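*Asks:* Dropping the structure in here first, questions after.
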Amino acid sequence: MNITKLQEIIFNAIAMTNNIREDDKQIPQQIDTELYGNNGHLDSMGLVAFLIDIEESLLDEGIQVTLSDERAMSQSKSPFRNVESLINYIDELIKEVT
Amino acid sequence: MIIKNILISGSSRGLGKELAKHFLKEGWKVYGCARSEGQIKHDNYHHFQLDISSQEQVTEFFFTLRKQIKHLDAVVNNAGIASMNAFALTPAKVFQKIFAINVQGTFLFCQKALGLLKKAPNPRIINMTTVAVPLKLEGESIYAASKSAVETLTQIIAKEYGGFGITCNAIGPSPIETNLIKGVPKEKIAKLIKQQSIPKMATPNDIINLVDFFIRPESHMITGQIIYLGGIAK
């Protein structure tokens, strides 16, 4: 799966998340959007829902990966901090399983 | 009419089989699983053979299921094993097996089903516990302990995923005629039934009634509840 497709999946997941958020709490669909952490738009449960949506979209493409495994949690820099780091992390995971 | 999908573990016999037959009659698509072969022949029944305590097998199963359906309306974690033994004489292997199937199996099914449940209008998780928990039955320490874990899991899942619209409840059947209690002496069952407010054996229909109740869209405010049959309270 190429990076453009991955970005599309993540932006779609952001759009789904935005559907249930207030107008002033919308998450920008941009590569440098902070997702989780100090300036992140998502709290822990918001992140869970977001990652489930992404996993489901990847399954639609026939790709099975677990995004919130021990490795993700133990990295000194969270792969969930922004859209770009998340794309790179998922890209790595996909390369490992294919 | 939109066809509803339900996943029932332990559906090859006993209560799981009765639940599967009930939902087929109601027009649902039933996805059943068990270690043994499926016994139900019906166009809307799909059986998978797997060991629910195996992470690899459960992951593979959900990957396959995901190719067939895009949402799950309900999951009934019915599969479970029991073992009667005095605490001091219970081998560690029995402890591990009971926890692997009753606790880890329920954990894996709940976790892997979240994505499919999240897409349903009224998603439901129903777990199975036992009256051995509130009654603290002698000889059932490990089985009851495993179901205590299931009850806690149920209540925390209910809290964490209420925001997704997913309700998670548990049913503790009083004794019913299934394979699960075939090894329990008759006197013990009679003594147990005497402790109930309604002192008689339950039937699979009593559990089906409660499952129906939890599944109804109108039950969207009922979550994190543990209901025992026969009038036994914690």
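*Asks:* Would the stretch A:19-37 turn up any residue that is among the aliphatic types (A, V, I, L, M), within 14 Å of chain B (Cβ to nearest Cβ), more than 19 Å from A:Ser78 (Cα to Cα) and touching a residue at least 40 places away in the same chain (Cβ under 8 Å)?
*Replies:* No, the stretch A:19-37 contains no residue that is among the aliphatic types (A, V, I, L, M), within 14 Å of chain B (Cβ to nearest Cβ), more than 19 Å from A:Ser78 (Cα to Cα) and touching a residue at least 40 places away in the same chain (Cβ under 8 Å).
*Asks:* When the residues of the stretch A:64-98 are narrowed to those that are of a type in the set (A, V, I, L, M) and part of a loop (DSSP other than H, G, I, E, B), which ends up surrounded by the most Cβ atoms within 10 Å (Cβ to Cβ)?
*Replies:* Looking at residues that are of a type in the set (A, V, I, L, M) and part of a loop (DSSP other than H, G, I, E, B), I get A:Leu67.
*Asks:* Hey, can you tell me all the residues within the stretch A:17-47 that are hydrophobic (A, V, I, L, M, F, W, C) and surrounded by fewer than 17 Cβ atoms within 10 Å (Cβ to Cβ)?
*Replies:* First, pick out the residues of the stretch A:17-47 that are hydrophobic (A, V, I, L, M, F, W, C): A:20, A:27, A:31, A:35, A:42, A:45, A:47.
Once the filter is applied, which keeps residues that are hydrophobic (A, V, I, L, M, F, W, C) and surrounded by fewer than 17 Cβ atoms within 10 Å (Cβ to Cβ), the stretch A:17-47 yields A:Ile20, A:Ile31, A:Met45.
*Asks:* Follow-up question, since we're still on this one. When you scan the stretch B:187-208, how many residues do you find that are surrounded by 15 or more Cβ atoms within 10 Å (Cβ to Cβ) and either charged (D, E, K, R) or not in a loop (DSSP other than H, G, I, E, B) (or both)?
*Replies:* 9
*Asks:* Considering the stretch A:38-63 alone, what residues qualify as being in a loop (DSSP other than H, G, I, E, B) and away from chain B (no Cβ under 11 Å)?
*Replies:* A:Asn38, A:Asn39, A:Gly40, A:His41, A:Glu61
*Asks:* Answer with yes or no whether A:Val48 is in contact with a helix residue (DSSP H, G or I) (Cβ under 9 Å, 6 or more places away or on another chain), in contact (Cβ under 8 Å) with a residue 40 or more places away in the chain and not hydroxyl-bearing (Ser, Thr, Tyr).
*Replies:* Values: in contact with a helix residue (DSSP H, G or I) (Cβ under 9 Å, 6 or more places away or on another chain): yes; in contact (Cβ under 8 Å) with a residue 40 or more places away in the chain: no; not hydroxyl-bearing (Ser, Thr, Tyr): yes.
It is false that A:Val48 is in contact with a helix residue (DSSP H, G or I) (Cβ under 9 Å, 6 or more places away or on another chain), in contact (Cβ under 8 Å) with a residue 40 or more places away in the chain and not hydroxyl-bearing (Ser, Thr, Tyr).
Here, each number is a calculation from the coordinates, and none is a lab measurement. Values in this document were obtained by computation on a predicted structure and should not be read as measured data. Quick reminder, even Gly has a Cβ in these numbers, built from the backbone with ideal geometry, and neighbours come from all protein chains shown.
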